[in-house]
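What follows is a single structure, written as structure tokens, with notes after it.
The values are calculated or read from the model by the stated rules, or taken from the named source; none is laboratory data. All of these numbers come straight from a predicted model, not from anything done at the bench. We place every Cβ from the backbone using ideal geometry, glycine too, and count neighbours over all the protein chains shown. Ligands, DNA and RNA are excluded from the accessible area calculation, which covers all protein heavy atoms including side chains. Shrake-Rupley method; radii C 1.70, N 1.55, O 1.52, S 1.80 Å.
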Amino acid sequence: MRVVIAGSSGLIGTALVSSLRSDNHDVVRLVRRSTAGPDESRWDPDQDRLDLSVLQGADAVVNLCGVGIGDKRWSGSYKQAIRDSRIVATDVLAEAVASQKVPVLANASAVGYYGDTGDKIVDEDSPAGTDFLATTCRDWEIATEPARKAGARVVNLRSGVVISPHGGMLGRLRRLYSFGLGGRLGNGRQYFPWISLEDECDAIKFALTNSEISGPVNLTGPAPVTNAQFNDAMSRAVHRPAPWIVPGFALEALIGEFAKSGILGGQRAIPAALEKAGFSFRHNTIGEALAAALG
């Protein structure tokens with residue numbers, strides 16, 4: 001395949017580019033800086049600037065753009081950046097996919113689409129939530145409509161938390177747990193929808209080539225766990241106790257609004273669409289994913 005990828009410099013994008021190229025696919029990266037070679041094309045979605053010729057002959061476009069949800073405290077301006085970095089880029093790419101008749105658009109989203117669902121199991125048919133992350137994900141997915149209306153097969157990649165040996169959430173937590181400073185967050189009953197980095201990339205590639213996959217797809221491991229269960233699994237993985245409890249009010253005071261919806265809330269999301277289509281996970285449990293990531 002010839003695949004054009006936006007957002008390729010992040011955790012998932014970097015791994016996906018490497019994985020696609022190892023399978024001998026032709027990958028073109030959309031970058032916002034000066035290009036470093038013929039496999040890159042400069043674009044500026046904020047100014048609606050994209051060289052449409054780069055999409056000619058493409059088999060698929062993958063859009064992974066978006067600033068980090070938990071990288072900064074949520075001020076009004078940062079919440080706007082969270083929305084704009086996702087929705088504006090999607091607007092530009094969906095219109096470009098439509099105009100160039102690219103057959104597939106795989107566009108990032110997140111299980112935050114469902115809001116805080118408690119212990120209720122949710123799949124791709126479950127309704128959207130009402131908090132900031134949920135409405136952002138809803139509008140993010142709506143922005144792909146021009147491509148869908150033009151006949152492209154659009155896949156909305158509702159990712160969980162990606163377990164990676166190279167950074168991300170696990171990179172921040174590994175040192176804390178290694179020094180015995182890990183612990184439960186809040187009451188620990190909130191669900192933690194995880195997926196290994198390898199399965200995330202494999203699932204995206206599966207979605208690109210499997211015509212049965214269309215619309216929303218939960219990119220989560222088959223066995224979601226609570227925060228307390230994740231804490232126990234991390235403790236076992238690093239062979240250190242994790243006895244601490246961080247009260248919810250302390251997290252909200254320290255982190256702000258993100259703590260309530262992004263840490264103290266969660267989704268018991270299952271990958272129903274992937275499993276129905278016959279996708280096989282490398283890591284079926286959080287223990288397997290952590291063992292692979294932490295060595």
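General observations
- Whichever aspartates and glutamates have a C-alpha closer than 14 Å to that of Lys260, once near sequence neighbours (fewer than 8 apart) are set aside: Asp116, Asp131, Glu252
- Of the whole protein surface, Tyr113 contributes about 40 Å² of accessible area at a 1.4 Å probe radius.
- Of [x] 1.07; [y] 1.00; [z] 0.96, the label for Rg/Rh (Cα atoms, Kirkwood Rh) derived from the coordinates: [z]
- Ignoring lysines fewer than eight residues from Lys101 along the same chain, the ones with Cα atoms less than 27 angstrom from its Cα are Lys149, Lys205.
- Apportionment of accessible area to carbon and sulfur, segment 109-261, percent (1.4 Å): 56 percent
- Estimated FRET transfer efficiency (Thr209, Asp71; beta-carbon r; R0 41 Å; 0.05): 0.80
- Of interest is the spacing of the C-alpha centroids, which for segment 190-207 and segment 5-83 amounts to 19 Å.
- Tensor-based shape of segment 63-120 (alpha-carbon gyration tensor, a/c under 1.5 rounded, otherwise prolate or oblate): oblate
- Averaging the Cα positions of each part gives two centres, and for segment 214-272 and segment 124-187 these lie 12 Å apart.
- Placing +1 on each Lys and Arg Cβ and -1 on each Asp and Glu Cβ, with no other charges, gives the chain a dipole about its Cα centre of roughly 700 debye.
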